[in-house]
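Below: the structure, in structure tokens.
The values are calculated or read from the model by the stated rules, or taken from the named source; none is laboratory data. If you're wondering where the values come from, they're calculated on a predicted model, not measured in any experiment. Heads up, the Cβs are rebuilt from the backbone with ideal geometry, glycines too, and the neighbour counts pull from every protein chain shown.
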Amino acid sequence: MKPELFTKETTAIIYGYQQKAIQRMLDFDYACGRTVPSVACIVNPSRDGVHKVFFGKGEILIPMYKTIRAACAHHPKADVMVNFASFRSAFDTSMEALHEPQIKTVCVIAEGVPERRERILAAEAKKLDKMVIGPATVGGVKAGCFKIANTAGTYDNIIASKLNRPGSVGFVSKSGGLSNECYNIIARNTDGLYEGIAIGGDAYPGSTLLDHILRYQAIPEVKMIVALGEIGGSEEYRIVEALKNKEITKPLVIWVTGTCSKMFPSGVQFGHAGAKAGAANETADAKNAALKEAGALVPNSFDDYGILINETYKKLVADGTIVPAPEVKAPVLPMDYEQAVKEGKIRKATTFIATISNEKGDELEYNHVKISDVLNCGLGIGNVIGLLWFKKQLPAYCCRFLENALMLTADHGPAVSGAHNAIVAARAGKDIISCLASGILTIGPRFGGAIDGAAQNFKRAYEAGLTPDQFIKDMKAKGINIPGIGHKVKSVNNPDMRVTNLKAFVMKNFKEHKLLDYALEVEKITTQKKGTLILNVDGCIGICFVDMLMSSGCFTKEEIDSIIDMGCLNALFVIGRSIGIFGHVFDQKRLKQPLYRTPYDEIAYMTDL
Amino acid sequence: MAQRGIREYDGKRILFDELAKVIPSFKGLSAKLALVTPDTKPEELLAANPWLKEGKLVAKPDQLFGKRGKNGLVYAGKTWDETWKWISERMNKETTITTGGNKKVTGVLTHFLIEPFTPHADNEEGYISIKSTREYDVIYLSAQGGIYVEENWDKVKETRVGILEDIENVKINMPDFGVNNALVEKFTKEVYRIYCAGNFSYLEINPFTFSNGAVIPLDFVARVDDTGAFESRKMWGKIEFPSSFGQKLTKEEMYIRDLDSKTGASLKLTILNPEGRIWNMVAGGGASVIYADTVCDLGFAKELANYGEYSGDPSEEFTYLYAKTILDLMTRTKHPQGKILTIGGGIANFTDVAKTFKGIIRALKEYQQKLIDNNVVIYVRRGGPNYQEGLANMRKLGESLGVPIHVYGPETHMTAVVSMALCPDKK
């Protein structure tokens, strides 16, 4: 394996749809002045396509594939995989990536990968002469070149820690959180980081502190090495051996954390899974002492870590080993919209207004009424209509009236145009939405529209002070049949029970029913002309609906006019009838009815006409 | 998430059930294990385990500590009535044991394992253990096991199995078990397979003996890697991870452990000295250790009250609950010099500092009066996403809370606040 893992041309495959991490990688690219984005593509097992991200000031598309194989096939130059798979699938996906010849480095983010799996992963990588960073890590960064995932946090921090251009220090630690802290320490005390890797806090990381230290030893640009060890395990003794064997000759500043463990009762498991001393030689004190003896530069405590790094750096500058890297000004990254809003720096006009419901709080609300109250206080569907259509909590009798109207309009047999169309669509094998649509699309002036028409016309006449007689004459003069009057078979002597029941309900429950009374006066006159010219069910619903609005005391006159004008009555009919239309659709599907074709004898072919 | 000791009862249950699939003599053995807890009713135990009345028994505590024989805590070759009496006399009693390293540990006996007694001679005690290293597992085998195996370590044969090797192709380095050699070799390979498939990280059977041409494991100790649960759950069955003997978790430690299990983030708390003056609330598994180190390095180990950490971007609510727990603990007893709270951390990679601080600030406000009464001084040091907002909110709180809050960002060395707090005279 070559000591250098990353260059300014390195591109990576990101396993897992990690949008924030991807954006942070590309923002780092921008800071470094990379021309090629460091993310070649994304592997997202559940979806392929593209993902849109910012690359500097503009936007680019990053391809997304369902498999690692497809990602590799399309991006043969990508030699890093950053694996965000969960602890359950991290092992299998990492092994798969290692066996792709083009992939040289796999970084495993997941915490909680079983130790045996980690060991197999490490051994397999060694066999294949490839690099595994992690599991349980945030990754690493090569200053000015390439950054893994969320390493080094925000853009500001990247700039503050001078990670947009290489310095002279190679760094490695177990902890991902601390690595970021150490980039900061290194930036303050030297000419900056060359490369930093967090190997992960588990007992068996894919690559070890020593693996990376030896890489840094082999990279000429790295002039000094800084490392952070940890209590538990014996990894640091391999470093001791390497120091003794002169495999490490560059200055190595190292501190092993966990010196407090001697003060603790036995058995304290620190934050990292690997951070527990099983034997005396695994304590931080023992390791620090052994490293110091072997020639490493070991501070007295973490407080002095930065000071020792600084002293070491100054010596190297003084003897000419290090020529301090020049500062490179990083471009200013445009602020993200969300951040700018959060900081109150910008404002934006909204596109939509919504006043009837809100799902953003703890609980969904219908016009300020919590959904639990809707359910638990027995509000019923009438009240839900009240809340969402009229933004009112209606008296119980009004809700019952609305529910009655829904029940009455739910169905009127298979022959009417709505049901018929839906049946034909169902028999054509269409889905239920198409069936419903083909049915309700027939609702209009001739079918179902009488409810709306009756309400409009009777209300207009009543409010204009026309007598029933004048109203009838007026309509006749206009050449319009009065909507809501007339039935095909029902008559005065053969009343429509739907109308009888609805009238009785209104008479009993409404405080006033002026428009119904008016309509009944009109009916008296029309039925004298012809017995079937009765107030029909559509008319009755429409007219009583107006009475409900006017008598409930909940609505102003303007509100009532607006409700009628908006077409709420048509809406009421659509809701009610949808129940019946679905019934017919399910009926046909249940009966497995075949495609309907209108028989020839139903059609008069008169092409000669 | 780490290596966890398991009860001998669970370990043997798993081992016997798995071995029964490949070695007929193990069939039915797992049914002859009985675990006695403080809630066990003898009549119910007998009803579920009629074999307890049928022959001689052996009983011993099952609480993750070894050297039970040397501590006089193995009661062997007795009847049910004698065994139950022996257990009853010890149940819920505080007991001091001497561990392998000659350390004395005191704890309460709460769990006992009862099994059928297998008589055997001292010269029929075998030893097997398996441990893991980075590149390979090591199988140790000895024909001279028992309590003096360590004294006879030169008799122990070692076999290394590379992590990528198949045990089938490995030649086991066998000590001389005489006529039982083939039996032990087969047993060893099968135990090793279970060790791998069951995500064990340590396993020791000492001793095992022979009876009617079969291997009989007597004492069993094991640790498993709890991150392997998703792979080995079926093999493990219902398993528990007891605390080590003598380690008593406080109510608050249990509470935080419970919170931790409910979030993808990490929340840890260990109380070191509830009367301690110095309380740390530090973000990050690595940073938290360094803050504790620094307190100790400065010579204040005895005053350090807790070790703990929160990390992995916990929600505001979880951070609030975590902070509240610490604030409650630290304001229970007053200290003449007042108390110090360090809200520390490194520069986060992706944890939202403003968000987690919101949770902490909520808790601080709630404990305002108690913090004042206890003369608490707060030191804050943190960096990472939205840290400016988080620190500004802390500073603002400092103006109204009534206790001093000193706030620092990434420009100050991570642990500098510790010496500022503890050695204000030092520069």
| request: Inspect segment B:212-229 for any residue being modelled with pLDDT under 95 and surrounded by fewer than 15 Cβ atoms within 10 Å (Cβ to Cβ) and give the result as yes or no. | output: yes
| message | For segment A:564-572, check the following and say yes or no: at least one residue is surrounded by fewer than 18 Cβ atoms within 10 Å (Cβ to Cβ) and not in a helix (DSSP H, G or I). | response | yes
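With respect to A:Ala294, is the statement that it is closer than 19 Å to A:Ser261 by Cα and over 49 Å from the mean Cα position of the chain (by Cα) true? Give the derivation first.
Working: closer than 19 Å to A:Ser261 by Cα: no; over 49 Å from the mean Cα position of the chain (by Cα): yes.
When the stated conditions are applied, A:Ala294 does not pass them.
Could you please give the count of residues in segment A:533-553 that are farther than 18 Å from A:Arg460 by Cβ and buried (at least 17 other Cβ atoms within 10 Å of the Cβ)? Write out each step before concluding.
Taking segment A:533-553 as the starting set, the residues that turn out to be farther than 18 Å from A:Arg460 by Cβ are A:533-534, A:536-537, A:551-553.
If we keep only those that are buried (at least 17 other Cβ atoms within 10 Å of the Cβ) too, we end up with A:533-534, A:536-537, A:551-552.
Total meeting the criteria: 6.
Which of the residues belonging to segment B:269-300 are part of a helix (DSSP H, G or I) and over 27 Å from B:Lys248 (Cβ atoms)?
Passing the criteria: B:Gly286, B:Ala287, B:Ile290, B:Thr294, B:Asp297.
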| note | Selection over segment A:376-395 where residues are loosely packed, with under 14 Cβ neighbours inside 10 Å and assigned to a helix (DSSP H, G or I) yields a count of 3
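How about segment A:111-135: which of its residues are part of a loop (DSSP other than H, G, I, E, B), in contact with a Gly (Cβ under 6 Å, 6 or more places away or on another chain) and within 21 Å of B:Cys196 (Cα to Cα)? Steps first, answer last, please.
Filtering segment A:111-135 for residues part of a loop (DSSP other than H, G, I, E, B) gives A:111-114, A:129-130, A:134-135.
Now restrict to residues that are in contact with a Gly (Cβ under 6 Å, 6 or more places away or on another chain): A:114, A:134-135.
Within segment A:111-135, A:Pro114, A:Pro135 meet the criteria.
Where residues in segment A:95-111 are within 12 Å of chain B (Cβ to nearest Cβ) and surrounded by 20 or more Cβ atoms within 10 Å (Cβ to Cβ), which of them is nearest to A:Ala40 (Cα to Cα)? Working first, answer last.
Step one: filter segment A:95-111 for residues within 12 Å of chain B (Cβ to nearest Cβ), giving A:95, A:109-111.
Next cut, surrounded by 20 or more Cβ atoms within 10 Å (Cβ to Cβ) only: A:109-111.
Values: A:Ile109: 18, A:Ala110: 21, A:Glu111: 25 Å.
If we take residues in segment A:95-111 being within 12 Å of chain B (Cβ to nearest Cβ) and surrounded by 20 or more Cβ atoms within 10 Å (Cβ to Cβ), then A:Ile109 is nearest to A:Ala40 (Cα to Cα).
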| Every residue from segment B:116-143 that is more than 14 Å from chain A (Cβ to nearest Cβ), in contact (Cβ under 8 Å) with a residue 24 or more places away in the chain, not hydrophobic (A, V, I, L, M, F, W, C) and not in a loop (DSSP other than H, G, I, E, B) | B:Pro116, B:Asp122, B:Glu124, B:Gly126, B:Tyr127, B:Ser129, B:Ser142
| task | Return the total of residues in segment B:279-303 being facing another protein chain (nearest Cβ under 9 Å), surrounded by fewer than 24 Cβ atoms within 10 Å (Cβ to Cβ) and not charged (D, E, K, R). | result | 3
| message | Given the criteria outside the structural domain of B:Leu35 (by TED's automatic domain parsing), β-branched (Val, Ile, Thr) and not in a loop (DSSP other than H, G, I, E, B), does B:Ile256 qualify? | response | yes
| remark: When B:Leu298 is run through (1) within 18 Å of A:Thr259 (Cα to Cα); (2) under 25 Å from the mean Cα position of the chain (by Cα); (3) at pLDDT below 95; (4) aliphatic (A, V, I, L, M), the failure sits at (2)
| query | Listed residues B:Gln369, B:Gln337; which is of a type outside the set (Gly, Ala, Ser) and free of Cβ contacts under 8 Å to residues at least 40 places away in the same chain? | reply | B:Gln369
| task | With respect to B:Ile128, determine if the residue is surrounded by 15 or more Cβ atoms within 10 Å (Cβ to Cβ) and at pLDDT 95 or above. | result | yes
| query | Taking segment B:309-335 on its own, how many of its residues are surrounded by fewer than 24 Cβ atoms within 10 Å (Cβ to Cβ) and within 11 Å of chain A (Cβ to nearest Cβ)? | reply | 2
| task | Scan (1) among the hydrophobic types (A, V, I, L, M, F, W, C); (2) within 14 Å of chain A (Cβ to nearest Cβ); (3) surrounded by 22 or more Cβ atoms within 10 Å (Cβ to Cβ); (4) over 29 Å from the mean Cα position of the chain (by Cα) for the single condition B:Ile340 breaks and write down its number. | result | (2)
| message | Given the criterion surrounded by fewer than 20 Cβ atoms within 10 Å (Cβ to Cβ) and more than 28 Å from B:Tyr192 (Cβ to Cβ), identify the matching residue among A:Asp92, A:Asp129, A:Asp79. | response | A:Asp129
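Can you find even one residue in segment B:237-245 that is within 13 Å of chain A (Cβ to nearest Cβ) and modelled with pLDDT of 95 or more?
No: zero hits.
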| remark: B:Tyr148 fails exactly one of (1) assigned to a loop (DSSP other than H, G, I, E, B); (2) in contact (Cβ under 8 Å) with a residue 24 or more places away in the chain, namely (2)
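Give me the residue from segment A:37-48 that is in contact with a Lys or Arg (Cβ under 8 Å, 6 or more places away or on another chain) and outside any strand (DSSP E or B) and, out of that set, surrounded by the most Cβ atoms within 10 Å (Cβ to Cβ).
Selected residue: A:Ser38.
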| said: Residue pairs, Cβ under 7 Å, 6 or more apart or interchain, first in segment A:85-110 and in a loop (DSSP other than H, G, I, E, B), second of a type in the set (S, T, N, Q). List them. | reply: A:Ala85/A:Thr93; A:Phe87/B:Thr227; A:Ile109/A:Asn83; A:Ile109/A:Thr137; A:Ala110/A:Ser86
| note | Log entry, pairs with first residue in segment A:144-160 being under 19 Å from A:Gln339 (Cα atoms), second being of a type in the set (A, V, I, L, M) and assigned to a loop (DSSP other than H, G, I, E, B), beta carbons closer than 8 Å, six or more apart or on different chains, reads A:Asn150/A:Val138; A:Ala152/A:Leu163; A:Gly153/B:Ala348; A:Tyr155/A:Leu333; A:Ile158/A:Ala152; A:Ile158/A:Ala330; A:Ile159/A:Ala330
| request: Can you tell me which residue within segment A:423-467, out of those that are acidic (Asp, Glu) and in a helix (DSSP H, G or I), is surrounded by the most Cβ atoms within 10 Å (Cβ to Cβ)? | output: A:Asp452
| Taking A:Lys262, is it assigned to a helix (DSSP H, G or I), assigned by TED's automatic domain parsing to the domain that holds A:Arg188, modelled with pLDDT of 90 or more and surrounded by fewer than 17 Cβ atoms within 10 Å (Cβ to Cβ)? | no
| Residue pairs meeting the criteria (Cβ under 6 Å; at least 6 apart or on separate chains; first under 16 Å from A:Ala450 (Cα atoms), in segment A:472-491; second exposed (fewer than 12 other Cβ atoms within 10 Å of the Cβ)) | none
| Residues being outside any loop (DSSP other than H, G, I, E, B) and either within 11 Å of chain A (Cβ to nearest Cβ) or loosely packed, with under 14 Cβ neighbours inside 10 Å (or both) - total across segment B:408-419 | 4
| field | Hey, B:Ile343 under 30 Å from A:Ile159 (Cα atoms) and at pLDDT 95 or above or not | value | yes
